């Protein structure tokens, strides 16, 4: 259902607290179905209770699963109220299995004496008052429930529940930059009631939240705040707050500002481009304070955030389930209509996968820049290059290819705008982090490093101009076929995706994350910057093997394309044209497919000056040897 707005309200508490009475009134008020969990007890449970014998966990197991299935079935049609004692956390875990984000817990509380008095007045119920103490002994206080004292009248109790549901928002957005605004509108368009927050800075940043709310019709029911306490208190419990602030120290400062107003069981979601190692630290830190933390990678830019981004969440899976309906609802959808959002894995895995996504993105952009450089050297103007790239969509379509075509066609006066843009490429750090991670994990993601250093080299504009004069290197005209250039581009893209996915796979092993590369490829098929037809083709391949270079169709394709990239790289090197990522892709495959490499010389050198030892080809035991050179 759009927005996943249906929910199950579980009324819990010891027997005799008035759950059924309140449940009936609440369901009639909300005009939704009511179910009493006691009606679903098997006969053997009822007989046991009638004889004054407490139920065991084993007795309750089947009963709890029956109620869980009832809740799932009802949620397909409507919201509902279900009454169930749900005294232990393990019982509540079963009751909300698979529907965590659609469950609201109401805990009716009272003293033992108060409830015993009620039980003694109750007639025709199979549970005798003598079992009340066992229920109080069993009760484990819920951390994520609205607590209401049964001393209130039934009407006041229901009014309190309705006030919590009607006047409070179900999701909060902290930070209204470009992405925060787009995600807020996306959530509101899906029917969620939200609260938004942005700080106030007198004279420069005033009224941001309220002005944003007033500017968009879909935010009519949203609540806007510049006061943190008011923002937090406007949210239903457990609170779900998504942080859309700059990564780094600002994220930590915001967390510290929020903590005094949060309660046990609340959920903070970091939607920024945070470093995955910091995400792990924040996860552990907030866990010590009984606050849940999810690190979420969001890709798609401003438009993607508004219309549907690709979302990569990592953290505790049960915590993810509390926010799953919101994230999946606002995400892009794949070719089968499934959300481009999936649980990635533990700890900082979501931010790690988003980081590698950005590393792959660096390479994809660099490859298109190199293709542009090659075609420009062949005396093609931007319109002609755009026409060539447009034709590539039949076999190599991607979001970045499409926007590059648009960029090349953009005019500024009588000239193309691209000709007026200074050739200095910036970066925001994720390519740097990815390169550090690939070095730390020992994974050969050489193309990501190459693309990053190409950006760094571009930034030395003055030095490059000076070096050009000093060395007198002037690229000569190339003599290449458009088909070879396309083939070289496709070859390099395959190697790029192999290296990025390999890095993710190695991280999974190193950090003991349970990762599904096929699912990761699937959520990259829409909404994100690297969405492409190739990502779609990788889904079934990765179901069979995490290493795409083991796949027969990929092997055949690379063999078919390799003569072209050999010609392109050789021609560019001979004609003095820099193509670092294209050349690195073929260098990598040449190294990767070399059975006997030059590393024996390196190992001998290491043994010579450092006694690092080596293994011998004629010693099958694998023993390490040292030579006194």
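For this structure, a couple of remarks:
- Pairs are defined by a Cβ separation below 9 Å, a sequence spacing of at least 6 or placement on different chains, a first member in segment 534-546 that is without any contact (Cβ under 8 Å) to a residue 40 or more places away in the chain, and a second member that is loosely packed, with under 14 Cβ neighbours inside 10 Å; the pairs so defined are 537/553; 541/553; 544/550.
- Residue list for segment 69-101, restricted to those being assigned to a loop (DSSP other than H, G, I, E, B) and more than 27 Å from the chain's Cα centre (by Cα): 77, 78, 79, 84, 85, 86, 87, 88
- Reported count of residues in segment 447-471, each being touching a residue at least 40 places away in the same chain (Cβ under 8 Å) and under 25 Å from the mean Cα position of the chain (by Cα), is 4.
- Of the strands (runs of 3 or more DSSP E) lying entirely inside segment 113-201, those carrying at least 1 residues that are at pLDDT below 90, touching a strand residue (DSSP E or B) at 6+ places or on another chain (Cβ under 9 Å) and outside the structural domain of residue 299 (by TED's automatic domain parsing) are 145-149.
- Selected residue (only one of 49, 55, 75 is assigned by TED's automatic domain parsing to the domain that holds residue 134, under 23 Å from residue 145 (Cβ atoms) and touching a residue at least 24 places away in the same chain (Cβ under 8 Å)): 75
- Matching entry among 417, 408 (being touching a strand residue (DSSP E or B) at 6+ places or on another chain (Cβ under 9 Å), without any contact (Cβ under 8 Å) to a residue 60 or more places away in the chain and under 29 Å from residue 570 (Cα atoms)): 408
- Residues located in segment 5-24, provided they are out of contact with any strand residue (DSSP E or B) (no Cβ under 9 Å at 6 or more places or on another chain) and part of a loop (DSSP other than H, G, I, E, B): 5, 15, 16
- Every residue from segment 505-527 that is surrounded by fewer than 24 Cβ atoms within 10 Å (Cβ to Cβ) and within 30 Å of residue 569 (Cβ to Cβ): 505, 506, 517, 521
- Among the conditions (1) part of a loop (DSSP other than H, G, I, E, B); (2) without any contact (Cβ under 8 Å) to a residue 24 or more places away in the chain, the only one that residue 559 does not satisfy is (1).
- The listed residues are 401, 375, and the only one of them that is under 31 Å from the mean Cα position of the chain (by Cα) and touching a residue at least 12 places away in the same chain (Cβ under 8 Å) turns out to be 401.
- Subset tally (residues that are crowded, with 18+ Cβ neighbours inside 10 Å and touching a strand residue (DSSP E or B) at 6+ places or on another chain (Cβ under 8 Å)) for segment 331-340: 4
- The number of residues in segment 462-482 that are surrounded by 11 or more Cβ atoms within 10 Å (Cβ to Cβ) and closer than 30 Å to residue 497 by Cα comes to 5.
- Selection within segment 550-559 - touching a helix residue (DSSP H, G or I) at 6+ places or on another chain (Cβ under 8 Å) and under 17 Å from residue 489 (Cα atoms): 554, 555, 557, 558
- Residue match in segment 173-187 (condition: in contact (Cβ under 8 Å) with a residue 12 or more places away in the chain, farther than 28 Å from residue 303 by Cα and surrounded by fewer than 23 Cβ atoms within 10 Å (Cβ to Cβ)): no
The values are calculated or read from the model by the stated rules, or taken from the named source; none is laboratory data. Note that the coordinates shown come from a computational prediction; the quantities given were computed from them, not determined experimentally. All Cβ positions, glycine included, derive from the backbone under ideal geometry; neighbour counts span all protein chains shown.
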